[in-house]
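S.K.: Dropping the structure in here first, questions after.
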Amino acid sequence: MPGGQGQKIAASTQENLEIAGIEDGIVILRDGSYRLVFEVTAINFGLKSEREQNSIIFQFQGFLNSLHFPIQVLVQSR
């Protein structure tokens, strides 16, 4: 019985997401804030020399220490 009391209407996925839109690769949230999502390629860390490994670690440490805002990192191994 359409429009009857007690009937649940399923919310769409779009109504449950905080995303208002995406422009030029930047995610715009409903509260007006922005998020940037990017993907990087993998390296075979185990095949690098000790010197190269240390360099990679220190560069990544420098990158993280240069940030003035929170980030989220997702690592996937395939």
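S.K.: Show the residues, 5+ positions off or on another chain, whose built amide H is closer than 5 Å to the amide H of residue 20.
M.R.: Answer set, sorted by chain and number: 28, 29, 30.
S.K.: Residue 54 to residue 72: extension gain in nm, 0.36 nm per residue of separation minus the Cα-Cα distance?
M.R.: 4.2 nm
S.K.: Further question on the same structure: Quick one: angle between helix 50-66 and the longest Cα principal axis of the chain, in degrees between 0 and 90, rounded to 10, please.
M.R.: Approximately 50 degrees, to the nearest 10.
S.K.: Next up: How far apart, in nanometres, would the label points at residue 64 and residue 19 be if each is projected 7 angstrom from Cα along the Cα-to-Cβ direction?
M.R.: 2.7
S.K.: Over the range 13-66, what portion of Cα pair distances is larger than 19 Å, expressed as a whole percent?
M.R.: 54
All of the numbers you see were taken from the coordinates with simple rules; none came from a lab. Bear in mind that the values here come from a model prediction, so they are computed numbers and not experimental data. Neighbour counts are summed over all protein chains in view; Cβ atoms, including those assigned to glycine, are modelled from backbone coordinates with ideal geometry.
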